[in-house]
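First comes the structure, then the notes that go with it.
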């Protein structure tokens, strides 16, 4: 079988994650890589055993052998890189967020549609087997009418004032940091599981660490917990460490609340989701990704451990290993990329088959929700999402 040739832009934290997941598919070849500089590309090419390295991302895009461009770079360059790739006729897969604002995102949505190209945003949490099980249960009405959705995404890697990363700078990461980085994952997951769409928001954003110490030497993402800078500049921070958001959804009385934090000691990467319905409830935590708590009123509660032999048929295909074999963060990326690349391989885009993965349209709508959250925090009012 012919292998699809993919080119990766970016070799920071998430770039190698995508590369590993692509190699696990078997029918995709990571054929080339481009990074921030010629020297960094050379290092990444050798370290990751990739055939081609390019001086810049445009060279990668212009390579006729590259069929798919996968973007794993800082937020502020997503738009120009994705736009250039689409204009060159390449399918594009972009890490979240899709762009710095909804205007940029809409340009990408329209361009991808005009060109007839596959486009995707890697909201990988959809592809945890238990998340697929939760979706199946809500679709089958196992929970009844949905009353309350509660949860969030919490981490501790930016707890101290010596913790620094480009994401804290609004010109590189966007006006919303914690919400843009983590909240978009939670919001996408909630809407995917429930089938509900966010209508309006009421938000509170807080910066607990108003000044951070930026090291004068580069620190790899998440490595700040192991490295303490001794030579630094003090930088005033204009992005949030924490957010609390109340949610209303279209065409229902369901209510939601989301808590996002990058300063919660002990929480390493915890996306939690509790859904309370009129019949029963479910709860999940990404730090215990293979367990689903099911709550009842008139009988004992249950703990479903991921096992394809007992899962809903629609969720079963996302559990690649037997019960007792853990599947987590890397597996979710593999499953996400599997859905995208099988769609490309089978040329379903030529048949107008609806994608079973998050697209640029999903990324665009996440930008609209984020902008409503920001406006709400500034006006102290409920704010409708401007779809």
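Read the figures in this text as sums done on the coordinates, not as results from a lab. Keep in mind that this is a model prediction, so the values were computed, not measured. Neighbour counts are summed over all protein chains in view; Cβ atoms, including those assigned to glycine, are modelled from backbone coordinates with ideal geometry.
General remarks:
- If R0 equals 22 Å, the separation of the Cβ atoms of residue 62 and residue 349 corresponds to a calculated FRET efficiency of about 0.50.
- Relative contact order [Cα under 8 Å, 6+ residues apart], the chain, whole percent: 20
- Gain in span if fully extended, residue 288 to residue 204, counting 0.36 nm per residue against the direct Cα distance: 27.4 nm
- Here the calculated FRET efficiency for residue 298 and residue 20, from their Cβ-Cβ distance with R0 = 41 Å, stands at 0.35, rounded to the nearest 0.05.
- Distance between modelled label sites at residue 257 and residue 382, nm, 7 Å Cα→Cβ extension: 1.6
- Placing dummy labels 7 Å off each Cα toward the beta-carbon, the span from residue 160 to residue 55 is 4.1 nm.
- Cα-based radius of gyration for the chain, normalised by 2.2 N^0.38 Å, reads 0.98.
- Exposure proxy order (Cβ contacts within 10 Å, fewest to most) of 252, 370: 252, 370
- Only beta bridges with both residues in the chain are counted; by DSSP, about 60 percent of them are antiparallel.
- Among 64, 299, 354, the residue with the largest mean-square fluctuation in a Gaussian network model of the chain, with springs joining Cα atoms closer than 10 Å, is 299.
- Computed over the range 2-132, the P(r) curve from all C-alpha pair distances, binned at 10 Å from the origin, holds 13, 46, 34, 8, 0 percent per bin.
- Under the criterion of Cα pairs below 8 Å and six or more residues apart, the relative contact order for the range 131-209 equals 37 percent.
- Gain on full stretching of the segment that runs from residue 46 to residue 321 - 0.36 nm per residue minus C-alpha separation: 95.9 nm
- Sorted fewest first by neighbouring Cβ atoms within 10 angstrom, 269, 94 come out as 269, 94.
- If R0 is 30 Å, the Cβ-Cβ spacing of residue 231 and residue 172 corresponds to a FRET efficiency of close to 0.90.
- Working note: Cα atoms of the range 96-249, range along each principal axis, descending, whole Å: 57, 40, 30.
- Length-normalised contact order for the range 1-54 - Cα pairs under 8 Å, 6+ apart - percent: 35
- Packing-based exposure ordering (other Cβ within 10 Å, fewest first) of 28, 109, 209: 209, 109, 28
- Rg over Rh, two decimals, the range 228-347 (C-alpha only, Kirkwood Rh): 1.06
- On full extension, the segment bounded by residue 314 and residue 3 gains 109.2 nm, given 0.36 nm per residue less the C-alpha separation.
- Kirkwood hydrodynamic radius over Cα pairs of the range 265-306, then Stokes diffusion coefficient at 37 °C and 0.692 mPa s, in µm²/s: 294
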